[in-house]
Amino acid sequence: MHEHKAELRLITVALNEASTDSPSFRASVNYFHTRMESLSSWMHSTVDYVENTYKPSFQDFQRIKEILFSQLLPSPILLSNGFVSNQPYTPLLVRDFTRDVSDLSNTVMKIILGDENSQYTAALSALSSDAINPYFNKRKTFEYYQRKYDSFLTDFLAATNDGNTLIPQNLQNETFKLFDIKHKYIEASLDLTEAISLMKVNLDKFLIETIDIVRKNNVITTKDTKDVIDITPELTETLKDWTDWIESNLQTLQALSSKLSEAKYAILKLSLARMKPSRLIQDYDLKSIQNLKFNLPKSISNGNNSEEKGLSGWLYMKTTVGHDPKRVVWVRRWCFLQNNVFGVFSLSPSKTYVEETDKFGILWITVEYLPKEPRNFCFKLRIQNPNCKTEEENTYIDIILQAESIDELKSWINTLTSHKRIALSIKEENDPRYQLARKKIEPQFFEFASSSSTSTDKLLTSFSSKTLTLVEELKKNYMSEDDIYSIIDNKAYHLRVISTPIATQLTHLALFSTFLSVSNYYPCATQANTWGTANWNDLSYLVNPLKGSSVHKPATVSNSSRFSVSYPDYYPYSLKVDDIQFRSIFFSVNHDFLQVPKELVLLRYSSVWCPNNKQKFASMAFVTLNHIYVYLNISGFSYLRRIDLLDIDSIEYDKSPKHVSSRMLHMQRGDGLRFNMSVFFTDRRAVASKLQFLIENKAMHIPKGEKDVLEIFQELDEEIENEKKIIKDNLSESEHYSKDYDYLLKSTYDHHFENTNETPMELMSRKVRLEREAWCYFQDNFKVGSKTLFHVLFGDKSQVFPSSLFLCKKGSNLNNNSYWERIRRAKEDASCQFELCRKLQFQLNRTSNFIKDLLWLKDDNDNFKLVLQQRVTKIKQGYYFEVEEGPIIVKFPLCHPLLLRVRFIIAECITSQGESLKKCDLAILYDFNYVESIDKLNTKVEKLWLFERIHLNWALRYCKLEHSEINRKTREYLKKFNDREKMSDVIKLCGFLGVLPKERIENDEKAGDFMQPVYINYDFLSLSKIFTKLTVFYLSSVIIKTMKVLLAMVMVIFKCFSKVNKTLYYCLLISAVTNLFFVGKSIHSYFSVKSAETLFQNYANGDQRGLQIMHRSLTVPDLNLLTRKMMDNDQENPVFKRFDEDKNAYQYKGTRQEIAIKRNQVLTELKILQNTEKELVQGSYRKFIITERDKCITTQNEIFDLWINDTKLQDYCMACFAEYNRLSAIPV
């Protein structure tokens, strides 16, 4: 229930009791063993009787029967051959009669005995081999280690304080031997606990298989018509529930098997760690504790006031038996110290249940270590009698106790000392801890008081006026005498007593006695016989699963019963028995309640609880007015949970034909988490209807009380039974046996809230007629059921109304709606038994929020709140809902008053067979009428003039706007839960139909006449505002439509592109980018050439301004200008150097530059001519070489003799080849 997503933390009560070897564990296993011995004895006697007595006798009877039937009438042979008058038919009639009677007899005997294969005996054998024998094997192992452990412990503790036993080494060795034996004993105890759990389930399985063997013979098929007749139909139905229950339990056990093994291992490991002895030799030196005594603290002001944990365990107690002479014996007793209270438990003389002595507050107890006692580990408790104030000897009770080890001895003395120190440090007398520390508590019931005959047990057990006889107390106010004695004799199966974690001989009596128990915070015998001796207070999860807060501890300790309650006269006896069990099982283990809640159990049912997707448990559910309490106890695990009904939004059940999965109840919590419960042995529709009613009842303004709820529950049960009976009567025997008719029944809870007896087809005809009579109507279809849509529109959390109304000012703080009020007509009407009415309050805005009314205030109703009424006139759950709204009277200038009524009809879409299609229609009907005056609403104006027709057209337009707004808001809600029918989500979002419990009676005969009209006035100024609004609206509409057209064109273009193949689209895109790149380069080249051409043109035209002209010149070194005749061969001629350095040598520089340019041009042209000539000559030469080469190759290949003899030819050809290779190597 994210326990809810996480796995539950279960309480391992039985396993923990087994690990501590508590008296509750010993009593429970001993009592279970006595019943197992009875079962084994019954099984063997039954098998022996069936095989050796019943079957032979039956065979003899069968032979006698056959002889009797054969001689009942004369033989057909005797009657043949003209012996009778009706010769053709009489012998045949006698033969058929004899055969049919014999068949009928065989069928009846088969029902009694079963088939010939002895399936019953086989089932007994299977039970013995699968369950009984494994249990006895585990029990045998358990008894072996128990005897071994008890005998060794007795011998170990019986040793006297002589020199050998005081040696620490010897003491340590004996302690470790005892630890090893106890280890085996605890392991055997845990195995036995598991075997008991499996035995219980296997026994249920055997019983159901055995009954099914007999039941199959109860189904008879007629010989002629082949009709199937079930002789025990109720048993068949019950057996079906039982079978499903057992299968669910087996699945649970299979899922828990690993958890059980893990729990066993963890508990065993923890137990061994807790009791493992020390390996330090000094810890076994008894001399170290010789001076250990209880010393009162000198100052308690600085003491430790923190809470101390309690202590419990087995101790040996010294006592005497007999009278003359008395014999000293040491007996084992379970002692506990908890919440400053010391007490003793013991096993009954039969060792099958737990008894108790008096309990004493710690302030009356003094502890002292006894080193001189002949036995080891002994200490003394001196208990003062609280009723005596003197210091005489007889005012004290001295108890000598012996621990099992030095560690336990120290633990008991230290714990007793610390608890007393804390109690003495408490200053306030009203503190619960101090009150408990000063109390003496006698056994509350004689039935559970210690019956031991030892002297110390008698001293510790006293009785007072507070001690009650449980049987007499239960007789007074709670239970009948027969039921009480049946509980004492363990025959109270008719009371449906629930299973407790611990089952002893007096568990049933303890379960009912807890109801009378006083407020306590310490173990008691009644609790030890149901929940065991451990303190499970911190693990009883009676908290709100959403808030997670536990219940506060009480401020005082009460002496009165915290469980008792005064049952009212209207409370049924069967529920009273359930309520007593409920209070005992849920609150006896939890001491945080000063007073158990006074709410009564209204419903109890068996279920398989699925708190998450991983786990499911067989459980028992108790339902009160405010909570669901879930209790489970299976395979050694227990769990308690309280679920607040306010935390659950809705409960739904599977409406398919009944099988295991369809038993499921789906519960939706407020935080969105879901959990499921499968209901068994109770009609699941009744459980779902009752739970859903309680949830919606919690949502009411004034919820119904327990008396009213019980009356409604009784009506629901009666209606379901009547419907079942009607359907059974309408089915034939074969149909009744072969079909499950639960799917034919609808929810009786829905029927409880219907106000009409009209059929769905009649209501559909009414809808068609109202649509035809309306002035205008609008209809929408929704893919949800009619009930879902009804909650969406009219739930108490829904915001559809009044915010969707055209005249409502959106977002105003004045907008709200009231609870629905139930109204019943004074004059009974079968077509409408009651109606629901509510009021819608909203702030008026006549221009639909377009223009603020504050700027135009003219009359009183421009900015005030209006109250409009809505009335539910027809309710047919799951089919039809009809709601009326109004009337509204609108006054326009120069017009008659306009009367407006609105009707909402929600109709389920159904097939011709009446089955729902999970869809519904919402029809909004508007009815407009001009009336003569406000006082004459029934007088209609027939002839309308121009302004009135215009106003009607305006009203129609505004109705369209209102319908659109209602449709929009409704679909917004449905969209939030994906337009699917989920009542849990709908209720969470839109709420319940909160109905006030008071019922108003009206004398009106016509629906709607009671409703006070709402008056709205429109003057000329208001109409001008509306005209302004319409003008702006139309202009805006034109602009928006134009934008839509443009946007549509753009979208069409994009759609065209979207239809192109993506690969082709990407290729075209890459091609376009590549083309753009090359186009860019082409454009760049074009403009570069264009620019060069422009420059050339400018130069050619002589326009050289701004141009930088570059000429190429070819110069000859200056020395080459001089002829050899003009200079000396010596290049170092000083005269020439001087001439060269002279500036006058360069006076012809410009001329020389022009000559150099001309020379370059001439040389360039010569080079071109040379290359041209070369190409011409080289081409012809290359062609000639190729021709010659081909001739040489031809000669070499074809005229070989000439080639060999002519050496000149060879040399010439070789020269051609070489020249060809040279030319080929030259680059072209």
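This ranking places Trp945, Trp245 by how few other beta-carbon atoms lie within 10 Å of each, fewest first, which gives Trp945, Trp245. Each Lys or Arg adds one and each Asp or Glu subtracts one; over the other residues with Cβ under 13 Å from the Cβ of Ser271, this totals +3. Taking every Cα-Cα distance in segment 35-113 and sorting them into 10 Å bins from zero, the calculated P(r) comes out as 16, 30, 22, 15, 9, 5, 2 percent.
Spacing of the modelled spin labels on Lys891 and Ile1070, each 7 Å from Cα toward Cβ, amounts to 8.0 nm. Around Glu885, with a cut-off of 10 angstrom between Cβ atoms, what is the net charge of the other residues, counting Lys and Arg +1 and Asp and Glu -1? After counting each charged neighbour, the total is +2. Rg then Dmax, both in Å and based on the Cα atoms of segment 319-374: 14.3, 40.
Projecting label points 7 angstrom from Cα along Cα→Cβ for Glu1165 and Tyr567 puts them 14.3 nm apart. Listed values for segment 463-473 are Karplus-derived 3J(HN,Hα) couplings in whole Hz (6.51 cos²θ - 1.76 cosθ + 1.60, θ = phi - 60°), namely 10, 9, 5, 7, 6, 10, 8, 4, 4, 5, 5, and x replaces Gly and Pro. Computed from phi, the 3J(HN,Hα) profile of segment 408-414 under the Karplus parametrisation 6.51, -1.76, 1.60 (θ = phi - 60°) reads 5, 4, 5, 4, 5, 5, 5 Hz, with x in place of Gly and Pro. Estimate the FRET efficiency between Tyr144 and Thr238 by the formula 1/(1 + (r/R0)^6), using the beta-carbon distance for r and 35 Å for R0, to the nearest 0.05. With a Förster radius of 35 Å, E is 0.25.
Between Thr461 and Asp358, the built amide H atoms are under 5 Å apart, and every one of these is 5 or more places off in sequence or on another chain.
Taking other Cβ within 10 Å of each residue's Cβ, how do His44, His33, His951 sort, fewest first?
Starting with the residue having the fewest Cβ neighbours, the order is His44, His33, His951.
Residue separation of Ser1082 and Gln841 scaled by 0.36 nm, minus their Cα-Cα distance, works out to 78.9 nm of gained length. Within the set Lys318/Lys458; Lys439/Lys466; Lys309/Lys410, which residue pairs have Cα atoms separated by over 21 Å? Going by Cα-Cα distance, every pair falls inside the 21 Å limit. In plain terms, the residue of Thr121, Thr454 with the fewest other Cβ atoms within 10 Å comes first and the most crowded comes last, giving Thr121, Thr454. The simple Förster model, with R0 at 30 Å and r as the Cβ-Cβ distance, assigns Ala266 and Lys724 a FRET efficiency of 0.05. Take the Cα of Thr911, step 7 Å toward its Cβ, do the same at Lys598, and the gap between the two points is 5.4 nm.
Given their separation in residues at 0.36 nm each and the Cα-Cα distance between them, Thr53 and Tyr1220 gain 406.9 nm when the chain is fully extended. On full extension, the segment bounded by Phe947 and Leu104 gains 294.3 nm, given 0.36 nm per residue less the C-alpha separation.
Based on Cα atoms of segment 302-467, Rg over Rh with Rh as the Kirkwood radius reads 0.96. Near Leu15: Cβ cut-off under 13 Å, other residues only, Lys/Arg at +1 and Asp/Glu at -1. The net charge is -3.
Just so you know, all these numbers are worked out from the coordinates, no wet-lab data involved. All figures in this text were calculated on a predicted structure; none of them were measured in a lab. Neighbour counts are summed over all protein chains in view; Cβ atoms, including those assigned to glycine, are modelled from backbone coordinates with ideal geometry.
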